[in-house]
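The numbers here are math on the coordinates, done by the rules we state, and not lab data. The model shown is predicted, which means the values in this text are computed figures rather than measured ones. Here the Cβ is made from the backbone with ideal geometry for all residues, glycine too, and neighbour counts use every protein chain on show.
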Amino acid sequence: MDQKRRAQAFRKLHDRTRLLVLPNAWDAASARVFEEAGFPALATTSAGIAASLGYPDGERISRGEMAKAVARIVRAVRVPVSADMERGYGPIPKAVRQTVEAAIEAGAVGVNLEDASGDRVRPLRDPEDMAERLRAAREAARRSGVDFFINARTDVFLLEVGAERARFDRTVARARAYLEAGADGVFVPGVADGELIGRLARAIEAPLNVLAAAGAPPVAELERLGVARLSVGSGAMRSALGHARRIARELRESGTYGSLTEGAVPYRELNQLLDR
């Protein structure tokens, strides 16, 4: 399936007839594991990719390195892949356009762009600034001819910006501005309460994406609440690292191998998984 057809298939998965569960891969092997499990599409995790290459999250990895990692994941699977490109790699809209162009060149069919600023004093970009960045992203997508899905992420809840009672209205206002600027969907990480998620789904007139987290409703309940898309973010990668930590502790403390062998993918199966 070529990129344009993958993009069309990916967009159809957001029609809200069923919740799109979108696991986030950090390398080719994790992408193949998720694909083999039967997921119809995948996303990347910026934190997971950055960590696998020796960087903390937060655009410490370069745009070029991130795009190369996305390209490796895209080549490893046959399903559509959406790329987490963080804040867009640059202070001005032109930089965001270049980032979207890099993601499209890497073979991605969609992108996540967040409104976090990286500034501790003003943690979120001004809504109009973010809207300009999204307009630049949409223009890049339009020029490519790929039906590219732009997922605008707002971190009002994740970063706990402003008074708690005002966060819902601030999120909805940002979501509407971002959709008007050219976004196709809205990602609101940091919410786990079912009643709040349902209110967001009703107020945001576009596919709503939430993040899997402790205490969040299960998939069936999220679907009932009107959520269109569920991401796991860096959760799967961090869970895998947690298992690696258990292996290390067992080896150091008892010299045994239970954690090492429990649930491990057999060597031959690993090779087969990646031998297209």
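Please state, as a whole number in µm²/s, the translational diffusion coefficient that the Stokes-Einstein equation yields for region 225-276 at 37 °C and 0.692 mPa s, with Rh defined as the Kirkwood radius across alpha carbon pairs.
Working: Rh = 13.7 Å.
Taking Rh from Cα pairs, D becomes 240 µm²/s.
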Checklist entry - In degrees between 0 and 90, to the nearest 10, how far off the longest principal axis of the chain does helix 127-144 point, with axes built from Cα atoms? => result 70
Item to check | Karplus-derived 3J(HN,Hα), 6.51/-1.76/1.60, for each residue of region 5-22, Hz, glycine and proline x | outcome: 5, 4, 4, 5, 5, 5, 4, 4, 5, 9, 7, 6, 6, 9, 5, 8, 8, 10
Next on the checklist: How tilted is helix 167-180 with respect to the longest principal axis of the chain? Cα atoms for both, answer in degrees (0 to 90, nearest 10).
Outcome noted: 80
Next on the checklist: Taking the 0 to 90 degree range and rounding to the nearest ten, how far is the long axis of helix 235-253 tilted relative to the main principal axis of the chain, both from C-alpha atoms?
Outcome noted: 30
Checklist entry - Taking H as built 1.01 Å from N, whose amide H comes closer than 5 Å to the amide H of VAL21, not counting residues under 5 places away? => result LEU230
Item to check | Fraction of beta bridges assigned by DSSP in the chain that are antiparallel (%, nearest 5) | outcome: 5
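What number, in percent, do you get for the relative contact order of region 3-233 if the mean sequence gap of Cα pairs under 8 Å and at least 6 apart is divided by its residue count? Display every interim value, and only then the final one.
Working: 463 pairs, mean separation 46.7, N = 231.
About 20 percent, as a whole number.
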Next on the checklist: Can you show me the helix-derived [θ] at 222 nm for the chain, built from DSSP H runs with n ≥ 4 at -39,500 (n - 2.57) apiece and divided by the number of residues, rounded to the nearest 500.
Outcome noted: -14500 deg cm²/dmol
Checklist entry - What's the Kirkwood radius of the chain in Å, using all Cα pairs? => result 19.3
Next on the checklist: Given a Förster distance of 22 Å, report the FRET efficiency between ASP57 and THR256 from their Cβ-Cβ distance, rounded to the nearest 0.05.
Outcome noted: 0.05
Checklist outcome for this item: Any GluC sites (Glu not before Pro) in region 184-276 that lie in a DSSP loop and have at most 14 other Cβ atoms within 10 Å would be GLU205, GLU262
Checklist entry - How about LYS12: which lysines have a C-alpha closer than 16 Å to its C-alpha, ignoring those fewer than 8 places off in the same chain? => result LYS4
Item to check | Additional length obtainable on full extension of the chain from ARG75 to ARG202, 0.36 nm per residue less Cα span | outcome: 42.0 nm
Checklist outcome for this item: Taking R0 as 51 Å and r as the Cβ-Cβ distance between ARG268 and ARG16, the FRET efficiency 1/(1 + (r/R0)^6), rounded to the nearest 0.05, comes to 0.80
Next on the checklist: What's the magnitude of the charge dipole for the chain around its Cα centre, counting Lys and Arg as +1 and Asp and Glu as -1 at the beta-carbon? Answer in Debye, nearest 20.
Outcome noted: 460
Item to check | Largest-first principal axis extents of the Cα set of region 61-190 (Å) | outcome: 44, 27, 27
